[in-house]
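None of the figures in this text is laboratory data; all of them are computed from the coordinates on show. Bear in mind that the values here come from a model prediction, so they are computed numbers and not experimental data. Ideal geometry is used to build each Cβ from the backbone, glycine not excepted, and the neighbour counts take in all protein chains shown.
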Amino acid sequence: MFGGYAGQHIDNRGDATSASVTLGVGYQPTDSWQSGGIYARTSQRQQPSSRFDYHLHGDLVALYSQLQLGGQGGD
C-alpha cells in the first residue's frame, strides 16, 4: 500500500487553497505477475479578486497489471 498528501494555502489576496491525495495498492500473487490499482483526488480553490472565483476538482482511478514472460532477467 502506498499514498501521499499535499496541501497548500496562499493568502494576502491570492486566496488559493489546494489539496491532493493519492492512494494505491499493489499485489504480487506469483513471482512473475503483479497487479494493483490507484486512486487520486485533487481539489483547488482560487479567488484572485472579488470578480473571479475558481473551484477545480479532479478524480483519477487506474488499474494496472504486469506480467513477466521468459527468464528472470539480469544474470
Got the relative contact order for the range 2-67 handy, in percent, Cα pairs under 8 Å and 6 or more residues apart?
29 percent
Within the set of other residues whose C-beta is less than 12 Å from the C-beta of residue 21, count the net charge using Lys and Arg as +1 and Asp and Glu as -1.
0
From the Cα gyration tensor of the chain, with a ≥ b ≥ c the square roots of its eigenvalues, which class applies: rounded if a/c is under 1.5, or else prolate if a/b is larger than b/c, or else oblate?
prolate
In what sequence do 20, 65, 50 fall when counting other Cβ within 10 Å, fewest first?
50, 65, 20
